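One structure is given here, and the rest of the page talks about it.
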Amino acid sequence: MLFNTLKFAVFLLIVFMGYRLIERWRLPRTLWLLLASYLFYASWNPWYLILIVASTVLDYAIGKGLTRTDDARLRRGLLIASIVGNIGLLSVFKYGNFVLENIELAAAALGMELHLQRVGVALPVGISFYTFQTLSYTIDLYRRKIEPARNFSEFALFVAFFPQLVAGPIVRASEFLPQLVRRPRLDPSALGTGLAMILAGLVKKMVIADSIRHRIVDPFFAAPEQHGLLEVVTALWSFYFQLYCDFSGYTDVAIGAALLFGFSLPVNFDRPGQTFSPLEHWQRWHITLQNWLKDYIYIPLGGSRRGPSRTLLNIVAVFTIGGIWHGAGWTYALMGLYNGLLAAGWRRFVPRAKTRPGLLLQGFVSLNLIVLSMIGMRPYPVSQALDALRAFTRFQPSSGLLDATGLSFVGMAVLLHYSPVGIRDRIRAWFAEAPAFAVAVAVVLVCGLCALFAENADEFYYFQF
C-alpha cells in the first residue's frame, strides 16, 4: 500500500476517523492503531507479519528480562540474544542469497562447483528499519537509559506504527513510548501542519522525483555506455536530487500522517546540500540512521576518544556498515567505504575555510564528491557501476538525454532544496490556521496536480532497503 495511491488515502481516512472516535481511551486507541499498522504491513505480503511479530515478541520478552534482573552476566546474555536474533533474521532475508552467491563464486575460482539452495522469500519491506528500532530498545534498556514498555500492545505499536514502518524515520523507544501514555494532541494546528507535510511530500515524490527518474536517471543508467561526460555529470546530480525528493518526500508524508494521530516523529532531513564537508552532509541526510549508527556503533567502537587515527578508522567502519545496511551488493559496501574514506580524509586533511567564498568552494567540491558516490545507490553489479563511471572518459555530443523538460524538474528540485526554510514554515502555518474551505480547495488542487503525474508513479526508492 503505497503512500502515493488512492488506496492509501482511503485507508488513512478510515483509520483517522475511527481513531477520533476512541482517542480519549488509551487502550482502544493503541489497539486500533496496531490493527491498522498490521493491516498496512500485510497489504504487501501477509506472511511478513510473522517476521515482525516474531521480532516484537523476542525483544519485548528480552526487555522484560532486562528489567527483572541485575545480574550482569544474565543481562549481557539477554542483550546478545536480542542482537543475534534480530541481526540473524535481517541477515538471512537481506543478505542470505548474496552470501551464497559469493560462496559459489569463490568455490568456482578454486575449481569447485557448488549449487547452494537460495532463500526463496523476497526481502520483507521495512525489515532494516524495524530491526534497528527494536535493537535500540533492548540496547537502551541494557544501558538503563529508558523505562520498559508498559505492555505488549504499546511495544508492538512502537515497532509497527504504519506511517514510518517501511522506510523510517527510525524512531527510538524513548521518543515514541512516552507519547502513548498521554492523550494525543489533535488540535487544528497539528492537523493542518500534518496535512501540509503530506501534500508537500506527495508533490516532492510524484511531481519532481518520479519525473526526474523517468526522464533522465533511468534512461542514463539503462545504457551508460551511450553517454558522455556532460550526461553522466547531469545524470548523477539528477539522481542525487531524485533521491532527496523521493526519500525526504516519504519522510514528510510519514511525519505528517503521524501528526494526524497526535504523534511527533523525528526530523530525517535538514537540507544536506547546504553543508561544507562530507561529514556534515551525512549528518543531515537520513538523520535518524546516522544518529543510530553513531550511538550504537561509532561510540561503542571508541568514537573520538582513542586518538586521531582510531577516530578516522571508526568513521570509515561506521560508513561502511551504513553502506551495507542499504543492501546486499558490493556496490553498497563500496559506496559506504568510499564515503567513509572521504569523510575521514576530509576531516584529517581539509581545514575548514575561514571566509564565505572558501566555505562555498568547499561545499561545492564536497557535494560533487558525494554525488559521485550515488552510483552505488543503484541496485546493480559493480560491472554496471563501472560502465557508468567510464562515461566520464567519453567526450561526445549529447545523445538527447538532456531535454528541457527533464532539466526543468531538476531545476525545481534544486530550488526546493535551496529555498529559505521560512517559506516552508509559512506554508505549514497557513495550513494550520486557514479556514477549512480554503484548506479543502488547496488539497483538491494539489491532489489534482499529483494525479497528472500518476502514470509515472513508482515505489518510494528506499522501500528496497
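Coordinate-derived values only; no laboratory data. A quick note: this is a predicted structure, and the numbers were derived from the prediction, not measured. When we count neighbours, we look across all protein chains shown, and the Cβ atoms used for this are built from the backbone with ideal geometry, even at glycine.
Only sites in a loop by DSSP and with at most 10 other Cβ atoms within 10 Å count here; which chymotrypsin sites (Phe, Trp or Tyr not before Pro) in segment 289-398 make the cut?
Values: sites: W292, Y296, Y298, F319, W325, W330, Y332, Y338, W346, F349, F364, F392, F395; in loops: F395.
The qualifying sites are F395.
Given +1 on the Cβ of Lys and Arg, -1 on the Cβ of Asp and Glu, and no further charges, what dipole in debye does the chain carry about its Cα centre, rounded to the nearest 20? The partial results should precede the final answer.
Numbers: 41 positive and 28 negative charges, 354 e Å.
Charge dipole, the chain, about its Cα centre: 1700 debye, nearest 20.
Using 0.36 nm times the number of residues separating A436 and M17, minus their current alpha carbon distance, what extension gain do you get? It would help to have the intermediate numbers written out before the result.
Values: separation 419, 0.36 × 419 = 150.84 nm, distance 1.66 nm.
Working it through step by step, the gained length comes to 149.2 nm.
On full extension of the chain, what length is gained from A109 through M1, given 0.36 nm per residue of separation minus the C-alpha to C-alpha distance?
Values: separation 108, 0.36 × 108 = 38.88 nm, distance 4.33 nm.
Result: 34.5 nm gained on full extension.
Within the set of other residues whose C-beta is less than 11 Å from the C-beta of A328, count the net charge using Lys and Arg as +1 and Asp and Glu as -1.
Numbers: positive: K94; negative: E101.
Around A328, the charge tally is 0.
So if R0 is 51 Å, what FRET efficiency would L369 and T69 give, r being the distance between their Cβ atoms, rounded to the nearest 0.05? Please report the intermediate quantities before stating the final value.
Values: r = 49 Å, r/R0 = 0.96.
After rounding to 0.05, the efficiency reads 0.55.
Give the separation of the Cα centroids, segment 283-323 to segment 256-278, in Å.
After rounding, the separation between the Cα centres reads 20 Å.
Pop the C-beta distance of A404 and I321 into the FRET formula with R0 = 45 Å and round what comes out to the nearest 0.05.
Numbers: r = 42 Å, r/R0 = 0.92.
Using R0 = 45 Å, I get an efficiency of 0.60.
Taking the Cβ-Cβ separation of S189 and W47 as r and a Förster radius of 30 Å, what is the calculated FRET efficiency to the nearest 0.05?
Details: r = 41 Å, r/R0 = 1.36.
Efficiency, from the Cβ-Cβ distance: 0.15.
Just need the Rg to Rh number for segment 24-183, please, alpha carbons only, Kirkwood Rh.
Numbers: Rg = 18.2 Å, Rh = 17.1 Å.
Reported Rg/Rh, Kirkwood definition of Rh: 1.06.
Sort 77-87, 30-40 by the packing proxy (mean of other Cβ within 10 Å over each peptide's residues), most packed first. Write down the numbers at each step before the final one.
Numbers: 77-87: 17.2, 30-40: 18.9.
Going from most to least packed, we get 30-40, 77-87.
Divide by every residue of the chain the summed helix terms, -39500 (n - 2.57) for each DSSP H run of at least 4, and state the resulting mean residue ellipticity at 222 nm, rounded to the nearest 500 deg cm²/dmol. If you can, show how the numbers build up before the last one.
Values: 20 runs with 297 residues, N = 465.
That comes out to -21000 deg cm²/dmol.
Straight distance only, please: which lysines reach the Cα of K294 with their own Cα at less than 23 Å, same-chain residues fewer than 8 apart left out?
Of all the lysines, those that pass the test against K294 - Cα under 23 Å, at least 8 places apart if same chain - are K94, K145.
Express in nm, to one decimal, how much length is gained between L360 and L301 on full extension, taking 0.36 nm for each residue of separation and deducting their alpha carbon distance.
On the way: separation 59, 0.36 × 59 = 21.24 nm, distance 3.30 nm.
So the chain would gain 17.9 nm between L360 and L301.
Can you give me the Cα centroid spacing of segment 412-456 and segment 356-396 in angstrom?
32 Å
Using only the alpha carbons of the chain, determine the length spanned along each of the three principal axes and report them from longest to shortest in whole angstroms.
Principal extents (largest minus smallest coordinate, Cα): 67, 63, 52 Å.
State, as an integer percentage, the relative contact order of segment 189-464 based on alpha-carbon contacts under 8 Å between residues 6 or more apart. List each step's numbers first, then the result.
Details: 352 pairs, mean separation 92.4, N = 276.
Rounded, it is 33 percent for segment 189-464.
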